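The block underneath contains the structure these notes are about, expressed in structure tokens.
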Amino acid sequence: FLPHLVASLERVDQTYIMVKPDGVQRGLVGEIISRFEKKGFKLTGLKLFQCTKDLAEEHYKDLKGKSFFPGLIEYITSGPVVCMAWEGVGVVASARKLIGVTNPLEAEPGTIRGDLSIQKGRNVIHGSDSPESGKREVALWFKEGEVVEWEPALAPWLIE
Ligand code: GDP
Ligand code: MG
């Protein structure tokens, strides 16, 4: 019983989801949060935040050197973003599916990018690409105490 419980606890991942400045300016915050909320994952962090250039560059450090990097940093720091941490088994890959591929013109209808955006440089939302990135990004964007551990009352109706 105990090893099984420990194994199942270990599978709980976290992902960093962010409504980018275009999503905030266009009034899509509620719509985007709502899609994750309805899916059933657990929200553990949420804030409106003005990102600095340093933080944006650290977050996207793997893309440094790309031609679009300066424009990306300008875009991400151009206005407030909404930072979220979500938790659950399989949350990272599932969130990427809800979000859709990077290019909104190729993103499937029904996905956030597919429904709500048209260009890579204005694709309204970020989502971590692996459980390791999820951990790293939640720690990067949230301070100690901003991520909350809680037990949703609906958990037994979502997780058997
Ligand atoms: P994501 O994981 O789907 O967000 O995509 P990436 O990690 O590859 O890129 C990070 C972000 O950089 C994307 O969400 C886009 O906003 C931006 N980006 C990526 N590729 C391009 C590009 O070719 N042109 C522009 N303008 N922006 C891009
Ligand atoms: Mg990425």
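Here the relative contact order of region 70-135, from alpha carbon pairs under 8 Å that lie six or more residues apart, stands at 27 percent. Across the chain, Cα pairs under 8 Å and at least six residues apart give a relative contact order of 34 percent. Hey, which of these cross-link pairs are over 19 Å Cα-Cα: 64/120; 20/120; 120/143? In this structure, 120/143 exceed 19 Å between Cα atoms. Relative to the longest principal axis of the Cα atoms of the chain, the long axis of helix 29-39 lies at roughly 30 degrees. Restricting the calculation to Cα atoms, every distinct pair contributes to the Kirkwood radius of region 25-160, found to be 15.9 Å.
The alpha-carbon of residue 38 sits under 16 angstrom from the alpha-carbons of these aspartates and glutamates, leaving out residues fewer than 8 places away in its chain: 87. Relative to the longest principal axis of the Cα atoms of the chain, the long axis of helix 131-141 makes an angle of roughly 70 degrees. Figure legend: label point modelled 7 angstrom from the Cα of residue 57 along Cα→Cβ; residues of region 64-102 with amide N under 19 Å from it are 64-79.
Maximal additional length on extending the residue 119-residue 160 stretch stands at 10.8 nm, based on 0.36 nm per residue less the C-alpha distance. Each peptide among 150-160, 71-81 gets the average number of other Cβ atoms lying within 10 Å of its residues, and from highest to lowest they stand as 71-81, 150-160. For residue 61, the aspartates and glutamates whose Cα falls under 19 Å of its own Cα, not counting residues fewer than eight places away in the same chain, are 74, 129, 132, 137. Which shape class applies to region 89-152: rounded if a/c is under 1.5, otherwise prolate when a/b exceeds b/c and oblate if not, where a ≥ b ≥ c are the square roots of the Cα gyration tensor eigenvalues? It is prolate, given that a/c is not under 1.5 and a/b is the larger ratio. Once both labels are positioned 7 Å from their Cα atoms along Cα-to-Cβ, the gap between residue 48 and residue 97 label points is 3.3 nm.
Once every DSSP H run of n ≥ 4 in the chain is given -39500 (n - 2.57) and the sum is divided by its residues, what mean residue ellipticity at 222 nm do you get, rounded to the nearest 500 deg cm²/dmol?
One gets -11500 deg cm²/dmol as the mean residue ellipticity at 222 nm.
Of the solvent-accessible surface of the chain, computed with a 1.4 Å probe and all protein chains present, 57% belongs to carbon and sulfur.
The values are calculated or read from the model by the stated rules, or taken from the named source; none is laboratory data. Given the structure is predicted, the values throughout are model-derived calculations rather than measurements. Positions of Cβ are generated from backbone atoms using ideal geometry, with glycine treated the same way; all protein chains shown enter the neighbour counts. Note: areas computed on protein heavy atoms with side chains; ligands, DNA, RNA excluded. Shrake-Rupley method; radii C 1.70, N 1.55, O 1.52, S 1.80 Å.
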